[in-house]
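The values are calculated or read from the model by the stated rules, or taken from the named source; none is laboratory data. As the structure is a prediction and not an experimental result, all values here were calculated from the model. Glycine gets a Cβ as well: all are built from the backbone with ideal geometry, and neighbour counts include every protein chain shown. Heavy atoms of the whole protein, side chains included, go into the accessibility calculation; ligands, DNA and RNA do not. Shrake-Rupley method; radii C 1.70, N 1.55, O 1.52, S 1.80 Å.
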Amino acid sequence: MKNLFFFFPILLSIVILFTSCEDDDMVVPTPTPSYTNALDYAQASGFQGSMLLRKGDEDLIRQGFGEARAGEGIMNATDTKFRIGSMSKAFTVLGILQLQRTGLIESLDQTISAFAPDFPYGSQITLRHLMSHTSGLPDHVATFEELYEQQNAFLTPEDIVDAYTEALQEEELLFEPGSNFHYCNANYLLLATLVEALSGQPYHEYLQSTALEYLNMSDTYPSANDFGTIGEAVGYLNGAPVEPYPMSVAFGAGDWASTIGDMEKWGDAWMGDLLTGLEQAAVFPAPAQDDATSIGLGWFAIRIQGELVYFHGGDVDGFTSLIALFPESNGLFIALSNQEGQRSTLDHMMETFAIQEF
């Protein structure tokens, strides 16, 4: 099969990253009633990682918590690097928007078949469907896990293309594209592959040269399989370090690493002049009026007791992350944790800070 998705990496679809394709990222728990100040609340939560909470120009929290590398005496700090999981999806969204600006993409409503004529259901699925998780594409985690075990090595792009295409040809879409929501990494893996094909550059190099260098995000990079990068936190699950992970699995959907400082620049750019007016309208959804979550392109939106919040989280082996923009208050909440399984804690924090501080 030769098309623009020839370099399509492993398709694993998950909530935020590597769990399941449900809408857990859109569930915000009820905050606890006890609250004195932001820093005390963060410390009492047992959070481990680096955190930034800013309202306007005032830092309410900007510090590290706990150990970056247990047993080595290295603590988390403001410049510690973490895998950010599905917070990476906004990177891919920006790549697609930049290709549209240059005319290589005519419209977000172009279908996959315009770029990859042989891709199953390609004539029904648009780029917008992929970006908003409304494509209806199914998951085939078991297929890739079986192939991985059989080969006892990381699968080649050809293996993945053949396996996923064959699986799609034998199954129906989960629903008619555009008619429902199903959070899956498959969507963003396809989009990242399209970025490579149309730009003629490797996906990460394209984003670094066209966006990250402009924003001076020098501490943001594609995460390696292990934790050898200087200044990088080790990921933990239940107190034990996680094993090296083939990060190519998360290509385009969650394979970046960064710091709270760089993600602050990233968040400010999205609240600033990064997008045109038309792009902003496409990316950021109008939030519902009843504290329900709305789906955008690489972002979700919600009003928490009247406060507008754009947010996205990330979960990858050993790490949990969350970024929340408060555009009406020029505020930011960024939490990068080197503990796996902290989703409800970070969602809880986002709501609590929205209520107590904004």
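Distance between the 7 Å Cα→Cβ label points at residue 276 and residue 37: 4.6 nm. Be a star and scan segment 83-114 for residues whose amide nitrogen sits under 14 Å from the point 7 Å along the Cα-to-Cβ vector of residue 214. In segment 83-114, the label zone of residue 214 (backbone N under 14 Å from the point 7 Å along Cα→Cβ) covers 91-103.
Using the alpha-carbon positions of segment 204-358, Rg (one decimal) and Dmax (whole number) come out as 16.1, 46 Å.
Solvent-accessible area of residue 106, all protein chains in place: 150 Å² (probe radius 1.4 Å, heavy atoms, ligands and nucleic acids excluded). Along the Cα-to-C-beta direction of residue 78, a point sits 7 Å from the Cα; which residues of segment 259-281 have their amide N less than 14 Å from that point? Answer for this model: 259-265.
Using a probe radius of 1.4 angstrom, the carbon and sulfur fraction of the accessible surface of segment 75-121 is 48%. Under 13 Å from the 7 Å Cα→Cβ point of residue 229, by amide nitrogen: which residues of segment 241-257? Hits in segment 241-257 for residue 229 at 13 Å: 247-248, 254-257. A cut-off of 5 Å between modelled amide H atoms, ignoring neighbours fewer than 5 places along the same chain, links residue 318 with 340.
Taking the convex hull of the alpha carbon atoms in segment 248-309, what volume per residue do you get, in Å³? Present the calculation step by step, with values, prior to reporting the outcome.
On the way: hull volume 7.2 nm³, N = 62.
Given the Cα convex hull of segment 248-309, per-residue volume reads 116 Å³.
The peptide list 92-98, 122-128, put in order of mean Cβ contacts within 10 Å with the highest first, becomes 92-98, 122-128.
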